[in-house]
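The next block holds one structure in the form of C-alpha cells; read it before the comments.
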Amino acid sequence: MNFFILSLIKAAVVAFVLLTTLAYLQWIERKVIAHIQLRVGPRRVGPHGLLQPLADVVKLMTKEDMIPSHVNKVFYLLAPFLAVTFALISISVIPFGTEINIGSFKTAMQLTDLNIGVLFILGLSGIGVYGVALAGWASNNKYSLLGGLRSSAQMISYELPMALAIAAPLLMLNTLSFRQLVDAQGGYYLGFIPRWAIFQGPFPQIISFGLFVVAAFAETNRVPFDLPEAENELVAGFHTEYSSMKFAAFFMAEYANMVTVSCVATLLFLGGWQPLFPPQYGANFLPSLIFAAGGLVSLYHGINPARPFDRITLPITGIVFLGIAAVFLVPIVSTILLPLFWFAAKVGVILFLYIWVRGTLPRFRYDQLMSFAWTFMFPLAIVNLFVTGLLVALTSK
Amino acid sequence: MDSILFLIFAAIAVACAVNLVLQKHPISSALSLIGVMGSLAALYLLLGGEFIAAAQLIVYAGAIMVLFVFVIMLLNAGTENVEHKRLWSRYLGVPLLVALLGFVGYIVQKVLPLSEGVRFGTFRNGSPLEIGKALFTSYLLPFEVTSVLILVAILGAIVLARGEVD
C-alpha cells in the first residue's frame, strides 16, 4: 500500500485512540479518587457516569472563551497551543505492538520507528516547558508568573535525573530505537523470569525505574509535585487566566504527557509487549481468561440483580466481555491483539499508580521539591548509572 | 521531497533569525531563537545527522533556551528602548553589513570551493553508534579536554555566585 495513505490511516487511528484514552483517563481518575475517598464519583451522565467525558467536552466548548484585557495576547494564545502540540507529538514514536502480517500486507504498530526515538522523546519533553512557562508569563498575573517559574525550574531540575535514569537501561539494551529496545527485552531467565530491563542482568534496573517514575511525576506536574498549580498558594498557577478550550488544551497536555511517560516507562523498563510469563505456561490465554471471568461475573449479577437496571445492563456487558474473550482466541487476530493487551495492561498499571498516588500523598513544599531533586535523586542516578556502566563493561565480550 | 523540505525549513530558519533581530521584546527574540534552533535540527535530520539533530533539540532548544527564557521572565525585562540612532549608523549600517556578508561569502568560496552539490541522504555516519565510536577513538583527547573545560566553567560559576552572596 502507498506509504503516504497508510501513514495517514495509522495517524488517524492513533489520534482517535489517544484522544479517547485521554477523555476516559479523566473519568477513571475521578472514579478511582472518589472510591479512595469513600465517594462514588460521577454517575449521573450515562451508566456509572460513562458519558461524563462527553459532557465535559461539551461544557468546555460552550463556555465563554474570554481573553483578559491585561495579557500579552500573542503569547497568551500561543502557550496552550505549544503545550498541547508537543504533548501529542511524542506519541508518534511509541510502538504499541509487534508487526502486523496479514498475507502480503505488512506494517508496524507504530507511526514511525526513529532510530533516535528515546532522544526524540527527551527533546520534546524539554521543549514542552515553554507552553507552561509562556502561559505563566503572558498572563501578566503574579500567581500565573510564580506558577510558570516554579514549573520551569521544576521541569529543568527533574529532567536531569530522568535522563540519567533512562541512560542506565540504554547501556544494557544497547539501542535508542523503541522497537529494538523491546526486542532486546524478550526471552526468559530459568524459563519463567522475564528479561525485562527491571529484571535483566548484569544489573537489574529497579533503581532506575523508581527514579524514572518519580521524575516523571515531577515532569508531568502531578501530585505530589504539582507545585505549579498549588491551589492554596497560587489559585490555579499558570492556567489561572485561561478558560474554555484554552484551559482544556492544558488539561489535555497534562494527560497526554502522563500517557506518553507511562508508555516510555513500559517500553524501557517493563519490556513493552513482552508477556509477563512464557506462552508455554498459558500467557496467550490470560486475556481471554480475564475477559471471560469478567463476563461471567457480570452475567451472574445480571441474573441476580441488586438494582432494577442491572437486569438489562449487566447481561449486555457480560456478553460483550465474553465476545472479547472469544476474539482473543481467533489465531490471526490474536497475534495482533495479544501484544496490544500486554502493552495496554502495563501502561494501565502505571497510569493507575499515578491516580493512586494522587489519592494518597500530600503535596511537597517547594524547597523540599528542589532539594529532593538535587541532593537525593541526582546523586543516586549518577551512582546507578556508574554501577550499571561498570557491570556492563565487565560482562560484555 | 528532500529539497522541498530543505527549502521550507531553511526559510523558517532565516525568517526566525530576521525576526530575532527585529523584535523589540526579549521574549519574542528568545522564541524566535528557539524557532531557528528547531529548524536547524530539522535540517540536520534531512542531512542524515540524527544524533546531532536530537542533541540540538535537547541541549539548545530544550535546556539553554529554557534558561534564557527563565532569566528574562525572572528579571521581567521589558521592551527594549531604541535610543536615538547615530546618523552614520542609520545610513551606513545596511550597506556595510551587505559588504561584510559578501566578503565572508567570497572568502569561504575561495577557501572551500564547492566541488559538488549537497545530496540528501548520502551521509550515513550520523547515528549515535558512529558518533560514539568517533568520540571515544579518534577524538578522545578533544572530548576529554572539553569536559575538563566545562568542569572548570562550572566551578568558576559556583565560586562567582557564592562570592556575591557572602
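Just so it is clear, none of the values below were taken in a lab; they were calculated from the coordinates. This structure is a prediction, so every number in the text was calculated from the model and none was measured. In this analysis, Cβ positions are derived from the backbone assuming ideal geometry, glycine residues included, and neighbour counts consider all displayed protein chains.
Hull volume per residue, based on the alpha-carbon atoms of chain B and their convex hull, is 194 Å³. The average projected area of segment B:127-166, computed from the convex hull of its Cα atoms over all directions, is 3.4 nm². Inter-chain neighbour count for A:113-123: the average number of beta-carbon atoms from partner chains within 10 Å of each residue's beta-carbon is 5. Taking amide H atoms as placed 1.01 Å from N in the peptide plane, the amide H of residue A:108 lies under 5 Å from those of A:100, each 5 or more residues away in sequence or on another chain. Given segment A:1-62, what whole percent of its Cα pairs are spread farther than 13 Å? Value for segment A:1-62 (Cα pairs over 13 Å): 69 percent.
Take every pair of alpha-carbon atoms less than 8 Å apart whose residues are at least six positions apart; their mean separation over the length of segment A:1-62 yields a relative contact order of 21 percent.
Shape index of segment B:1-82: Rg/Rh, with Rg the Cα radius of gyration and Rh the Kirkwood radius from the inverse mean 1/r over Cα pairs, equals 1.05.
Applying the Karplus relation 6.51 cos²θ - 1.76 cosθ + 1.60 with θ = phi - 60° to segment B:147-158 yields 3J(HN,Hα) values of 5, 5, 4, 5, 4, 4, 4, 4, 4, x, 4, 5 Hz, where x marks Gly and Pro.
Among B:103, B:70, B:143, the largest mean-square fluctuation in a Gaussian network model of chain B, built with springs joining Cα atoms closer than 10 Å, belongs to B:103. Here the Gaussian network model covers chain B, with springs between Cα atoms less than 10 Å apart; of B:40, B:97, B:140, B:97 fluctuates the most.
Straight-line reach from residue B:24: taking Cα to Cα under 20 Å and skipping same-chain neighbours fewer than 8 places apart, the lysines in range are A:73, B:85. Between A:59, A:31, A:246, the GNM of chain A built on Cα springs shorter than 10 angstrom shows A:59 fluctuating the most.
Summarising the amide proton neighbourhood of residue A:193: residues at separation of 5 or more, or on other chains, whose placed amide H is nearer than 5 Å comprise an empty set.
Reported to the nearest whole Å, the Cα centre-to-centre distance from segment A:302-376 to segment A:119-144 is 30. Extents of the protein assembly as shown, taken as max minus min of Cα coordinates on every principal axis and listed largest first, are 94, 62, 56 Å.
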